[in-house]
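Chemist: This structure is in structure tokens; I'll ask about it shortly.
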Amino acid sequence: MNTDVPTFTSALAEPTRSPGRRWIAAMCLLNAGIMLALYAPIQVLLAQQSESILPGSKETLLAWTMALGALSATIFNPVWGTLSDRTTSRRGRRWPWVAGGAVVSVAALLYLSTASSVAGLIVGWVLAQAAVNAMFSPIVAAIPDLVPRAERGVTGGLIAVSQTAGIALASGIPYLTGSIKGGYALAAVLLVVLAIPYLLHSRDVPLRPGELEAARASRVPKGDRTAEHTAKDAAVRRDFWWAFVTRFLMWFGNSLMLLFLFYYLQDQLALGRDKAVAGMFMLTATYALIAAVTAVIGGRWSDRVGKRKPFVMGSGLVTSLAFGVLVVTNSFAMTLVAAIVLGIGFGTYQSVDFALITQVLPGADGRGRDMGILNVAAGLPQFVAPMVSIALIAGYGVNYQLIFGLGGVVSIVGSVLVRQIRGVE
């Protein structure tokens, strides 16, 4: 990877040189901070608060809280992305959203730490999701802004490693602090600390006056399009939405596994609350270590051979095996095996799928909007999975194997449907 720092002349130009190691390192730290801020509540803190507020209906309260928070992320992701596309700050299009989002995220997390009622918990999580995604949606668009296509596999791998590290650290926060308030406070502090390097070295290119309008005007008007133009546009849109569908299915399966994993350890495996917290940390750390290795190897290998789809399909099928392990076994040891298998599959999937989705974007002038929409494909499952789980619990009782089995099936379907994307090898 070229480590020289290039001078970008246009915010909408297709990048041809690497933005440099310092920028990539800063981006990785920022992604780790964002995932930490999101997953410390998702993995343990919200579950503990739900149990304290409504002990007899903790699964239902947790599911509704997670669902409404995910709905918030689903709504605001493309909104923040679109607004960042149009931002004309002298610091660039993405920087102001990271800075502002960090401030509001800290306030939302600290408010959430004091929630002691159903309404307070839900409102706090909805606000936190909106605020953290004000940082996440714009910085995801910064990758196609500044990283050449030929380097997006390995860059996606490094980003996946950092996100996984953030998730792993998030699972240990409640274990390290020993309290809900301490967990939220530490998550807020680490979010700010990990965002600072990016704010100092963003290399974000300012949008020049009239540049966005000129890019849109340069497109062939609808009335002047030939059959070739129309067919090409249709193919690009088709690939974009197939990428959305397959991404949604893969993250839906992942959300089904993660949603009740804490309660699965605590109740079905009878570990108890304290051992379940420690077990979550062990499982997440194991997954993170494996995923870190496979994400980088998979991303680099994908860049080298110039292909994305075989890696995405294969890694998705491996991921489904992790669900199978949870369905047919009922011990912590085999749950650890499932975490290892998931790390192999989903680690590779995250890095290569990220590279794939950057290659189906319709245009440079809407990268933030389009990446925001594709972020919805990863965030919307956090809304759908709890709703589906509530329906399953209502019909069949608390049946974790049924939920895990459904996750495996949708992961297989998502993997197979990647074949429908025609414009990427």
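No value in this document is a laboratory result; all are computed from the given coordinates. Just so we're clear, the structure is a prediction, and the values are computed from it rather than from any experiment. Cβ coordinates were reconstructed from backbone atoms using ideal geometry, including for glycine residues, and neighbour counts include every protein chain displayed.
Chemist: How big is the Cα convex hull of the chain in projection, averaged over all directions, in nm²? Show your work: numbers first, answer last.
Modeler: On the way: hull surface 77.7 nm².
Mean shadow area of the hull around the Cα atoms is 19.4 nm².
Chemist: How many angstrom lie between the Cα centre of the stretch 167-204 and the Cα centre of the stretch 131-164?
Modeler: If you average the Cα positions of each part, the centres end up 18 Å apart.
Chemist: Follow-up question, since we're still on this one. So, by mean Cβ neighbours within 10 angstrom, what's the order for 138-147, 307-316 with the highest one leading?
Modeler: Working: 138-147: 25.9, 307-316: 21.6.
Going from most to least packed, we get 138-147, 307-316.
Chemist: At 0.36 nm per residue, and after removing the present C-alpha to C-alpha distance, how many nm does the segment from Asp274 to Ala119 gain when stretched out fully?
Modeler: Between Asp274 and Ala119, full extension yields 53.1 nm more.
Chemist: Would you count, across the chain, every pair of lysines whose alpha carbons are under 29 angstrom apart, provided the pair is eight or more residues apart or spans two chains? Could the numbers behind the result be given before it?
Modeler: Values: Lys58/Lys181; Lys58/Lys275; Lys181/Lys275; Lys222/Lys232; Lys232/Lys307; Lys232/Lys309.
So the count works out to 6.
Chemist: Here's something else I'd like to know. Treating only the Cβ atoms of Lys and Arg (+1) and Asp and Glu (-1) as charged, compute the dipole magnitude of the chain about its Cα centre; round to the nearest 20 debye. List each step's numbers first, then the result.
Modeler: Working: 33 positive and 21 negative charges, 158 e Å.
For the chain, the charge dipole is close to 760 debye.
Chemist: Would you mind computing, in nm to one decimal, how far apart the modelled labels at Glu14 and Leu54 are, each placed 7 Å from Cα along Cα→Cβ?
Modeler: Reported label-point gap for Glu14 and Leu54 is 5.2 nm.
Chemist: Quick one: which of 177-185, 162-170, 266-274 comes out on top by average Cβ neighbours within 10 Å, and what's the full order, highest first? Display every interim value, and only then the final one.
Modeler: Details: 177-185: 17.6, 162-170: 24.8, 266-274: 14.9.
Highest mean packing first, the order is 162-170, 177-185, 266-274.
Chemist: Report the label-to-label distance for Ala25 and Ile297 in nanometres (one decimal), using points 7 Å from each Cα along the Cα→Cβ vector.
Modeler: 2.6
Chemist: Follow-up. Sort the following peptides by mean Cβ neighbour count (other Cβ atoms within 10 Å, averaged over residues), highest first: 378-386, 120-128, 297-305, 391-399.
Modeler: Working: 378-386: 24.3, 120-128: 21.9, 297-305: 20.1, 391-399: 12.2.
Top to bottom by mean Cβ count within 10 Å: 378-386, 120-128, 297-305, 391-399.
Chemist: Can I ask one more? Along the charge dipole of the stretch 1-122, which of Ala11, Ala25, Ser72 sits closest to the positive end, that is, farthest toward it, with unit charges on the beta carbon of Lys, Arg, Asp and Glu (+1, +1, -1, -1)?
Modeler: Ala11
Chemist: List residues of the stretch 337-357, by number, whose backbone nitrogen lies under 15 Å from a label position 7 Å along Cα→C-beta of Leu317.
Modeler: Label zone hits: 345-346, 349.
Chemist: Quick one: Cα centre-to-centre distance for the stretch 47-101 and the stretch 106-128, in angstrom?
Modeler: The distance from the Cα centre of the stretch 47-101 to that of the stretch 106-128 comes to 12 Å.
Chemist: How far is it, in nm, from the label point at Ala333 to the one at Arg419 when both lie 7 Å from their Cα along the line to the Cβ?
Modeler: 3.9
Chemist: Can I ask one more? From the phi of every residue in the stretch 69-75, what ³J(HN,Hα) in whole Hz does the Karplus formula 6.51 cos²θ - 1.76 cosθ + 1.60 yield, where θ is phi - 60° and glycine or proline is x?
Modeler: Listing the rounded values in order: x, 5, 4, 4, 5, 4, 6 Hz.
Chemist: While we're here: Using every alpha carbon pair in the stretch 320-425, what percent of pairs falls into each 10 Å bin from 0 up to the bin containing the largest distance?
Modeler: Answer for the stretch 320-425: a P(r) of 12, 35, 33, 15, 4, 0 percent.
Chemist: Same structure again: Please turn the phi angles of the stretch 129-144 into ³J(HN,Hα) values with the Karplus equation 6.51 cos²θ - 1.76 cosθ + 1.60 (θ = phi - 60°), one per residue in order, whole Hz, x for glycine and proline.
Modeler: 5, 4, 5, 5, 6, 5, 7, 6, 4, x, 6, 5, 5, 5, 5, x
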